[in-house]
2 protein chains.
Amino acid sequence: MRAQQPTFNTKKLCIVMVGLPARGKTHIAQCLQRYLNWLGFKTAVFNVGNYRRMMLGGNQPADFFDPENQQGVRARMELAVECMNDMVEWFSNGGLVGIYDATNSTKIRRSMVKTRLENVGVRVLFLESLCTDPNIVEKNIIETKLRSPDYRHADPEEAVSDFKKRIELYNNSSETVEDSENTSYIKIVNVGRQMILNDIQGFAQGKIVSFLLNSHIMARSIYLSRHGESEWNVTGQLGGDPKLTDRGRAYAQCLSKFIDAEFTKKGKELPLVWTSQLQRTRQTVEHIPTMNVRWRALNEIDAGICEGMTYESVADKLPQVARARKHDKLKYRYPGGESYVDVITRLEPVILEVERQRGPVLIVAHNAVIRAIYAYFMGKSQEECPYIDIPLHTVFRLTTRAYGAEEQLFPLEVAHTYQNKTPESCDSSDEQAERANDNTVTQLENGLHDTKIG
Amino acid sequence: MRAQQPTFNTKKLCIVMVGLPARGKTHIAQCLQRYLNWLGFKTAVFNVGNYRRMMLGGNQPADFFDPENQQGVRARMELAVECMNDMVEWFSNGGLVGIYDATNSTKIRRSMVKTRLENVGVRVLFLESLCTDPNIVEKNIIETKLRSPDYRHADPEEAVSDFKKRIELYNNSSETVEDSENTSYIKIVNVGRQMILNDIQGFAQGKIVSFLLNSHIMARSIYLSRHGESEWNVTGQLGGDPKLTDRGRAYAQCLSKFIDAEFTKKGKELPLVWTSQLQRTRQTVEHIPTMNVRWRALNEIDAGICEGMTYESVADKLPQVARARKHDKLKYRYPGGESYVDVITRLEPVILEVERQRGPVLIVAHNAVIRAIYAYFMGKSQEECPYIDIPLHTVFRLTTRAYGAEEQLFPLEVAHTYQNKTPESCDSSDEQAERANDNTVTQLENGLHDTKIG
Ligand SMILES: Nc1ncnc2c1ncn2[C@@H]1O[C@H](COP(=O)(O)OP(=O)(O)OP(=O)(O)O)[C@@H](O)[C@H]1O
Ligand SMILES: Nc1ncnc2c1ncn2[C@@H]1O[C@H](COP(=O)(O)OP(=O)(O)OP(=O)(O)O)[C@@H](O)[C@H]1O
Ligand SMILES: [Mg+2]
Ligand SMILES: [Mg+2]
């Protein structure tokens, strides 16, 4: 490895994944990346397997992974070093949390990785996933490995057996992280049933533990919706606590029918229903026959001195506010109010709580808030968050999958005021034009609108 | 144990402490009780040792704890059962989280405890403290056991040796919690250097883990102060973002001198300085020569539609608001604003962050916010929180100790407007009268005002 690296001043952290193949390392790495970026820590995953596929192609047979195969060993070492070099380079360009995604299953390999990183002033946290239950591993192989580019053209049964052989080869030499390695580590045993934390320090490490503690891998759906059209959506006023319009109330009816069709009609229990504390969200769920939880953290972004004003009057009477916000919509804080970053910060407990839930959840809130929640699930950066298009009268169904969430839009059949001046969606006229367009499409299509993987 | 217990519907939790003597069980139990009560979970500690001292007196020699001593065994079992019965009774009267504080160091004892609790519908979480480092244990004995009522009249050396003998007797038969016990547990090894979490579920258990992860046992001081007198303190207006008055600026100077005397003059590094985002707190720390962190979560309670009004005008123009708030000051939420409970909720991350810090922290914020933080450290209930007296121009120094915090007040030598109409301190005229009195005392005395243990 290279000598003479500069060391970094701010506290940079590398999460070094540890574990045999098909233990969820990549899954965990992706989830952490998404969460930490959303919180505003600049985070990236460096996956050695991708380097292998990129450099050598995806069709290496199991014996490439045999420790007796000298050529394979050397090739894999070179890839690991290449990937590490790129990560160190990325740290030197402002990266804050790097995730080094490889098996790292021997002490000697971990010690090399640790020395290299500590030499450049990066703290190391090993994150090991251990499975003692063979059923979990079998299920993981089928769920993710068969879709892997490594087995694109292979017969499924052969692929599974090749992959098991690959695991076996690692297994012989693999060593779990031990206290004698004198390092911070987190061990996740059997998909989180047990967790062992050793020498956890610092703010970022605390966030990582809280997240891992709340997350699980059961697939389920999260439903997101803004409230139905409110009186202030029509007048274009910001914030406040207005009631729904007739159209908004019609949406509340439709939403209840939608939920009935998704759940009750299919013999499923109703989802948890979470709203903000404002009446427009509460009215939107009032026909859904279940209790709901009202979170203050789900209230709309606080527009401070601009509450009750229209965008036009802000531009007119407080042009410096309109300008500053347009210039940096993410970080700009309304005088006496909030910025998008403030909203993200206060949503963190909601995100952890929704992660913790094993069943479906319906969240009915407001434009800026739904943007921030959507950004989390779909892996959007903070910078993108204030510009995400969340049309009125539309349900977003996000279904969690092994490496991210899958999205479906259901625009329900209720018109809303055409040039809808909803506070958060029309602060730049370009944006407004674009958005109006989008909304039209959404309203023309009926039923299923779009399916993306985020 | 009794038969035919009613089972409870809501999810009640019992934290069952496990560990040899002098492992910090009581310390951890007290901290958790304080934290959970502050968050609004009704929590109480049931300490079997206190039952022993109450029923049999504090002067039982070590051989009372000898498992060979039949009479001792029977007596201790009876006490454990008595204490358990009281806890179950307390659960049936609305208790939510019970903490059963005893050694519980054998499998058979834990199995009995678990069965009893599960039979009445209470979930069980074992919380074990293990020390493999004998120095930690020796230090613990000296720090807490010599002050214990068990050794009130004993010679210190004899007391330590008797206590070690007591530990030895337990040690012979003690068994650490194992996976085969098929239970949720948390193990804290060597004062949190390592933590093992098994089958942690549910909201309260998550809170408990986050708390334990952030807490440590190093003594240090937290300094709390309201901002210096602001222009609105003088006019009696609520909220807003006013500047300091001349007197307020004089306090900022005094505070800086105080910190200089406490730290720099004593050769200590300056504390961390945290303020709200409002200018009156930032101006209050501006002479302290160190960086400060501005937390949005430290902003004053949001008075919603009452921002900028005086208490008189609220009473006059919005009598229903004044009445409702007087009726339930803790839970009453200003229309468009916050309640004290809302403030406590948003302060939770601040509390975890201050717990995590190993060095001193100075927090300069606002009346309602300092009340809530003070309530946490001094173990005040949510109900007491809105009525705690936090005079202007006074530094509270809270020093953490094994079973709680110790408080010292430093009223700095700066006058402030006499009938100070600070928003949070004069919402009932009785209260106002009382408080004016208190303030007078505070201003008359000079230097050290009061020392209590909370
Ligand atoms: N903590 C975990 N323990 C075990 N399996 C998990 C865990 N988290 C996620 N999984 C599951 O593991 C599978 C994904 O495996 P993934 O590709 O992430 O494994 P990997 O360890 O990165 O394997 P490889 O070494 O081949 O890259 C998914 O089915 C996912 O649901
Ligand atoms: N996690 C911990 N591990 C070890 N010691 C701790 C821990 N937390 C606190 N302590 C220290 O333990 C001492 C307090 O002991 P404490 O009285 O709480 O022990 P105990 O286990 O309740 O003993 P006993 O069984 O005699 O009641 C204090 O000095 C405290 O600082
Ligand atoms: Mg992988
Ligand atoms: Mg004790």
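The values are calculated or read from the model by the stated rules, or taken from the named source; none is laboratory data. All values reported here derive from a predicted model rather than from experimental measurement. Cβ atoms come from the backbone with ideal geometry, glycine included; neighbour counts cover every protein chain shown. The accessibility values were calculated without ligands, DNA or RNA, using every heavy atom of the protein model including side chains. Shrake-Rupley method; radii C 1.70, N 1.55, O 1.52, S 1.80 Å.
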- Checking B:Leu146, B:Leu125, B:Leu96, B:Leu56 in turn, the sole residue that is modelled with pLDDT of 95 or more, out of contact with any Lys or Arg (no Cβ under 7 Å at 6 or more places or on another chain) and not charged (D, E, K, R) turns out to be B:Leu125
- Message: Pairs please, first residue from the range B:126-140 and over 13 Å from B:Lys164 (Cα atoms), second anywhere and of a type in the set (Ser, Thr, Tyr), Cβ atoms under 9 Å, 6+ apart in sequence or on different chains.
- Response: B:Phe126/B:Thr183; B:Phe126/B:Ser184; B:Phe126/B:Tyr185; B:Leu127/B:Tyr185; B:Glu128/B:Ser105; B:Glu128/B:Thr176; B:Glu128/B:Tyr185; B:Leu130/B:Thr176
- Message: Which residue is farthest from the other protein chains (Cβ to nearest Cβ), if the candidates are limited to the range A:176-211 and must be in contact with a helix residue (DSSP H, G or I) (Cβ under 8 Å, 6 or more places away or on another chain) and open to solvent by 70 Å² or more (accessible area, probe 1.4 Å)?
- Response: A:Glu178
- Item | Cross-chain or 6+ apart pairs with Cβ under 8 Å, the range B:202-220 first and at positive phi, then open to solvent by less than 40 Å² (accessible area, probe 1.4 Å) | B:Gly202/B:Leu13
- Message: Based on this model, can you work out whether A:Leu352 counts as more than 10 Å from chain B (Cβ to nearest Cβ) and open to solvent by less than 40 Å² (accessible area, probe 1.4 Å)?
- Response: no
- Message: Checking A:Glu168 against (1) within 14 Å of ligand 1 (Cβ to nearest atom); (2) more than 14 Å from chain B (Cβ to nearest Cβ); (3) touching a residue at least 24 places away in the same chain (Cβ under 8 Å), only one condition comes out false. Which one?
- Response: (3)
- Message: Whether any residue in the range A:148-156 is away from ligand 3 (no atom under 16 Å from the Cβ), exposed (fewer than 15 other Cβ atoms within 10 Å of the Cβ) and closer than 30 Å to A:Asp246 by Cα is what I want to check.
- Response: no
- Message: Would you confirm whether or not the range A:398-406 contains a residue that is away from chain B (no Cβ under 14 Å), out of contact with any strand residue (DSSP E or B) (no Cβ under 9 Å at 6 or more places or on another chain) and in a loop (DSSP other than H, G, I, E, B)?
- Response: yes
- Query: Of B:Ser215, B:Ser225, B:Ser221, which residue is within 14 Å of chain A (Cβ to nearest Cβ) and closer than 30 Å to A:Gln201 by Cα?
  - Reply: B:Ser215
- Query: Hey, does the range A:70-82 have a residue that's open to solvent by 20 Å² or more (accessible area, probe 1.4 Å), at pLDDT 85 or above, part of a loop (DSSP other than H, G, I, E, B) and more than 16 Å from ligand 4 (Cβ to nearest atom)?
  - Reply: no
- Item | Flag if A:Arg249 is within 14 Å of chain B (Cβ to nearest Cβ) and farther than 21 Å from A:Ser221 by Cα | no
- Of residues in the range B:33-43 being open to solvent by 20 Å² or more (accessible area, probe 1.4 Å) and not basic (Lys, Arg), the one farthest from B:Asp342 (Cα to Cα): B:Gln33
- Query: Condition test on A:Phe91, is it farther than 30 Å from A:Ala159 by Cβ, at pLDDT 95 or above, open to solvent by less than 50 Å² (accessible area, probe 1.4 Å) and away from ligand 4 (no atom under 16 Å from the Cβ)?
  - Reply: yes
- Restricted to the range A:37-69, and to residues that are touching a residue at least 40 places away in the same chain (Cβ under 8 Å) and closer than 15 Å to A:Tyr100 by Cα, which residue is farthest from ligand 1 (Cβ to nearest atom)? A:Lys42
- Determine whether B:Gly24 is more than 16 Å from ligand 1 (Cβ to nearest atom) and modelled with pLDDT under 95. yes
- Which of the residues spanning the range A:304-318 are free of Cβ contacts under 8 Å to residues at least 60 places away in the same chain and over 17 Å from A:Gly336 (Cα atoms)? A:Ser313, A:Ala315, A:Asp316
- B:Lys12 vs. criteria crowded, with 19+ Cβ neighbours inside 10 Å, away from chain A (no Cβ under 14 Å) and away from ligand 2 (no atom under 13 Å from the Cβ): yes
- Just give me the residues in the range A:316-336 being surrounded by fewer than 17 Cβ atoms within 10 Å (Cβ to Cβ) and more than 10 Å from chain B (Cβ to nearest Cβ), in sequence order. A:Asp316, A:Lys317, A:Pro319, A:Gln320, A:Arg323, A:Ala324, A:Lys326, A:His327, A:Asp328, A:Lys331
- Could you run through the range B:224-256 and say how many residues are open to solvent by 10 Å² or more (accessible area, probe 1.4 Å), more than 11 Å from B:Arg280 (Cα to Cα) and over 28 Å from the mean Cα position of the chain (by Cα)? 8
- Item | Residues of the range B:18-32 satisfying the condition of being more than 9 Å from ligand 4 (Cβ to nearest atom), open to solvent by less than 10 Å² (accessible area, probe 1.4 Å) and part of a helix (DSSP H, G or I) | B:Leu32
- List every residue pair whose Cβ atoms sit under 9 Å apart, with the two residues 6 or more apart in sequence or on different chains, where the first one lies in the range A:73-95 and is over 11 Å from A:Lys12 (Cα atoms) and the second, anywhere, is among the polar types (S, T, N, Q) and not in a helix (DSSP H, G or I). A:Ala75/A:Gln60; A:Ala80/A:Asn104; A:Cys83/A:Asn47
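Here's the yes/no breakdown for (1) within 23 Å of the chain's Cα centre (by Cα); (2) within 29 Å of B:Ile363 (Cβ to Cβ):
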residue: B:Met291; (1), (2): no, yes
residue: B:Arg296; (1), (2): yes, yes
residue: B:Asp302; (1), (2): no, yes
residue: B:Ile305; (1), (2): no, yes
residue: B:Met309; (1), (2): no, yes
residue: B:Ser313; (1), (2): no, no
residue: B:Arg333; (1), (2): no, yes
residue: B:Glu338; (1), (2): yes, yes
residue: B:Asp342; (1), (2): yes, yes
- Taking the range B:309-345 on its own, how many of its residues are farther than 21 Å from A:Arg296 by Cβ and in a helix (DSSP H, G or I)? 12
- Message: Whether any residue in the range B:348-362 is without any contact (Cβ under 8 Å) to a residue 24 or more places away in the chain and either closer than 24 Å to B:Arg296 by Cβ or under 18 Å from the mean Cα position of the chain (by Cα) (or both) is what I want to check.
- Response: no
- Message: Of the conditions (1) open to solvent by 10 Å² or more (accessible area, probe 1.4 Å); (2) within 23 Å of A:Arg282 (Cβ to Cβ); (3) more than 12 Å from every other protein chain (Cβ to nearest Cβ), A:Val361 satisfies every one except a single condition; which number is it?
- Response: (1)
- Here the residues within the range B:392-407 that are within 15 Å of B:Gln30 (Cα to Cα) and either in contact with a Lys or Arg (Cβ under 8 Å, 6 or more places away or on another chain) or not hydrophobic (A, V, I, L, M, F, W, C) (or both) are B:Thr400, B:Arg401, B:Tyr403, B:Gly404, B:Glu406
- Number of the exception - A:Ile288 against (1) buried (at least 19 other Cβ atoms within 10 Å of the Cβ); (2) in a helix (DSSP H, G or I); (3) among the aliphatic types (A, V, I, L, M): (2)
